[in-house]
Structures are given as structure tokens and as C-alpha cells.
Amino acid sequence: MPNALRALSKLLPLGWALVAGASLADTGGYQIEERAGPFEHPWSFCFLPDGDLLLTERPGTLLRIAANSRSATRIEGVPETYFAGQGGFLDVVIDPGFRDNGLVYLSYADGDRKNNRTAVFRGRLDGDTLVDGAVILKAAADKSTAHHYGGRMVFLEDGTLLLTVGDGFDRRKDAQNLDSHFGKLLRMNRDGSAPQDNPFADRGGAAALILSYGHRNPQGLAVDAESGMLWQHEHGPLGGDEVNLIAAGENYGWPAATRGRDYTGASVSPYVSLDGMQDPKTGWTPSIAPAGLALYRGDLFPAWRGSLFVAALKSRDVRRLTVVDDTVTAEESLFSDLGERIRDVREGPDGALYLLTDGADGRLLRVTPKPAGTTDRAD
């Protein structure tokens, strides 16, 4: 089993207060340029080996953005999606062996108003078309709401694929039910089958794919290639956003233990922590609405190496979390001067930090160090 699945099983106590991070002066400052856009409700993006990008728009579009221009080409051969509420096209990742097999994985909302779920589609990129496409997974989480799909994906070092699945909004109790995929982190082989070393593989059925459970609406995943640690974050309701360090087979509490409250103000649970359930490493009350998640290991910003970057919708910024060993020790708010909801954040192959803004006219932004001799951040 990979190192990411052997993270510590008992996490340290949680501190929820905002802690001052390193000064921007430590990085030498930064500048932001618009890489491409506008896009219609973009959700995520990934880099191709040739420098191009793949980017999803929730209404059901997969775009290829050229490496050295702003031009965007629509990719054909994609599945139909249920575009409503929070549903539509979600994440896109490429296979670890993409140079040889050209495989692309797309998570999306499958179904219709009465019956929908999170699903994963896989196809081989041939020019501007996905060929030999097939749905490799439909989560065992059928619902009639258009909310809380999760949908974030990442590959582990052993070549297995992770997928987050939300609690469906009104099916939160099922986050504690191992016979359902609501509120779960799933681990699958590249064809969608369940690895035999998953923690609940012997139970069969829906449980065979479950890596961890007790999640609400997880939309951030990041693997630290150096330590093997697997980081995740999820939306709380009225407060109670969480950043978790994931260990195989563990229960992360929702809705039995949470710092969040219902949107009505009513209590979800009298417990913020329970024996046998993992506490978050940090979190936010009030909520910042965490979206994408990245762990920076680039060379352009040495002071940021090893930091987690949390894209935030409600607070309209990116939170940089300083991580020492398995502990979040400091927090810094970045890019709030943009005044935009940030949907996703990624480290690029060039060491730059890339941001994806949310909405009907979302933009892909590139953050690089400020040139020597300048004093103000340039947009």
C-alpha cells in the first residue's frame, strides 16, 4: 500500500484561529497575468506533457488550451452531463502513463433531475477527440438533488485513482454508511475496479471502493510526492470547513462530529470530536468555502515549498498553509485583491502557481515572481 495510505492514524488537536504566515517579502513578491479566458463556469484544469492544458466547464465542455497562446479548442467525444446546481463537468486528470496511452479521466454529474450521481469517464485523447470512451465508475450515491458531488480526482504513486464523493446534501447520514458512496473518498484501479488492498475490500459491494468516510463535500485532494501524505479538504455547512490528513479506513466524522451548523443555524451535532473519528488538521469557522487544493514543490517561490494552497470561493482568496511534518503551523491569505471567487489552484510544470476563477466569465491566471527592481504587484 502506498505511503499516502499509511499516514498517522491519530491526528493532533485542531486550532481554528487564523495564524499569521510568512511575509510576502520572503517570496520577493509576485505578479499575476491572465493566461486564458473567459470561460463559462470553469471547474478544474490539468497540464499535458506538451505544455497544453485541459480545462473543464461545468455546462459540459472540455477545452484544450494551447501552450503558447490563449486559443481554446473544444474536445469532442465527451459524455453528456447533468448541468444544474453544482452539477456538470468537474475534474480532469491524465493517466500517469499518458505519454504512452493518452488516457484522460473526467469526473462529472451523471443522470437527471430525479436520479443523478458522481461518475468518472475515461477516454484516449486523439488530436481533439476522446476516443474509446467509457464510463468506468458510477458512484453508489443516487440522489435527486443537484448538490454535493465532490468530484475531485488525483492519482497515487501506485497508479490507483482517487475520487471524492459528496454527501448529496440531504443524505448526510449516509456518510457513515459503508454500503453507500455518499460522503466518501474512493480508491479505484484505472478501469474503475476496486483494488484488493482497499481497507473494506472484503465487504464487497460499495464498500470495496471506499478508502475513507465521514466526509461532507470534499473538493480538494493533494498528494505530497516527497512524504507520501494525502491531504484533503471539504466544505462544512455554516462553518466547519476542514483540512484533513487522510489515512486508509479512517472515519472523518461527518455528520456525527463537526464544528459546522445547519444553514438554519440549528445544531448538526453536539460533538466536535469523537473517539474513533479523525480530527481535522485545521479548518474555518466562518466558512471560506474551500475549492481546489495544491501542494507546492516548485522552484520559482522557494519560500512556498511544502505549503498547501487552498482555493476559496466565499472568502475570495487563496489560503497558504505552512506545513511542518504533519502539522499546519501557519496560515496566510493571498490574492484577495483580485476580488474574485477562486475555484481551483495548481502548480504548473514551470513552477508558477495557476489560479482558476469562478463564474460565467472565469479566467485562468498565472502567478510568477515579481521582476527584480519593481515595488508593486502587477496584474
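Values quoted throughout were computed directly from the atomic coordinates according to the rules given, and no laboratory measurement underlies them. Keep in mind that this is a model prediction, so the values were computed, not measured. A quick note on method: Cβ atoms are made from the backbone with ideal geometry, for glycine too, and the neighbour counts reach across all protein chains shown.
Projected onto the charge dipole of the stretch 3-369 (+1 at Lys/Arg Cβ, -1 at Asp/Glu Cβ, origin at the Cα centre), which of Gly51, Thr264, Leu356 gives the Cα projection farthest towards the positive end?
Thr264
So what is the relative contact order for the chain, in percent, with contacts set as C-alpha pairs under 8 Å and at least six apart? All intermediate terms of the calculation are to be shown ahead of the outcome.
Numbers: 1085 pairs, mean separation 65.5, N = 379.
Relative contact order of the chain: 17 percent.
In nm, to one decimal, how far is the modelled label at Glu76 from the one at Ala360, with both set 7 Å along Cα→Cβ?
Label-label distance for Glu76 and Ala360, simple model: 3.0 nm.
Give the long-range amide H neighbours of Thr282: residues separated by 5 or more places, or on another chain, with amide H under 5 Å away, using H modelled in the peptide plane at 1.01 Å from N.
Answer set, sorted by chain and number: Val243.
Rank by packing, highest mean first: peptides 178-187, 66-75, with packing defined as the count of other Cβ atoms within 10 Å averaged across residues.
178-187, 66-75
By a straight-distance test (C-alpha under 27 Å), which lysines pair with Lys143 as possible cross-link partners, with residues fewer than eight away in the same chain excluded?
Lys114, Lys173, Lys184, Lys314
If I build a Gaussian network model for the chain, linking alpha-carbon pairs within less than 10 angstrom, which residue out of Asp279, Asp350, Asp91 has the largest mean-square fluctuation?
Comparing Asp279, Asp350, Asp91 in the GNM, the peak value goes to Asp350.
So, with +1 on the Cβ of K and R and -1 on the Cβ of D and E, and no other charges, what is the size of the charge dipole of the stretch 3-369 about its Cα centre, to the nearest 20 debye? Let's see the in-between values first.
Working: 38 positive and 49 negative charges, 153 e Å.
About 740 debye.
Treating only the Cβ atoms of Lys and Arg (+1) and Asp and Glu (-1) as charged, compute the dipole magnitude of the stretch 111-197 about its Cα centre; round to the nearest 20 debye.
For this selection, approximately 400 debye.
Quick check: the distance between the Cα centres of the stretch 75-140 and the stretch 160-177, to the nearest angstrom?
19
Using helices alone, what [θ] at 222 nm do you get for the chain, with -39,500 (n - 2.57) per DSSP H run of 4 or more residues, divided over all residues and rounded to the nearest 500?
Calculated mean residue ellipticity at 222 nm is 0 deg cm²/dmol.
Give me the dipole magnitude in Debye, nearest 20, for the stretch 32-134 about the Cα centre, with unit charges on the beta carbon: positive for Lys and Arg, negative for Asp and Glu.
Computed charge dipole of the stretch 32-134: roughly 280 debye.
Taking the mean number of other Cβ atoms within 10 Å as a proxy for protection, how do you rank 314-320, 211-217, 197-203 from highest to lowest?
In decreasing order of mean packing, 314-320, 211-217, 197-203 become 211-217, 314-320, 197-203.
Rounded, prolate or oblate: which fits the stretch 176-330, taking a ≥ b ≥ c as square roots of the Cα gyration tensor eigenvalues, rounded meaning a/c under 1.5, else prolate when a/b beats b/c?
Details: a/c = 1.95, a/b = 1.13, b/c = 1.73.
Here the stretch 176-330 falls in the oblate category.
The stretch 226-267 to the stretch 274-342: how many Å between their Cα centroids?
For the stretch 226-267 versus the stretch 274-342, the Cα centre distance is 14 Å.
Cut-off under 16 Å on the C-alpha distance; same-chain residues fewer than 8 positions from Lys281 excluded. Which aspartates and glutamates are left, in chain and number order?
Qualifying aspartates and glutamates at Cα under 16 Å: Asp224, Glu234, Asp241, Glu242, Glu250, Asp325, Asp326, Glu331, Glu332.
Per-residue HN-Hα couplings for the stretch 195-207, Karplus 6.51 cos²θ - 1.76 cosθ + 1.60 at θ = phi - 60°, whole Hz, x for Gly and Pro?
With coefficients 6.51, -1.76 and 1.60, one gets x, 5, 9, 4, x, 10, 4, 5, 6, x, x, 4, 4 Hz.
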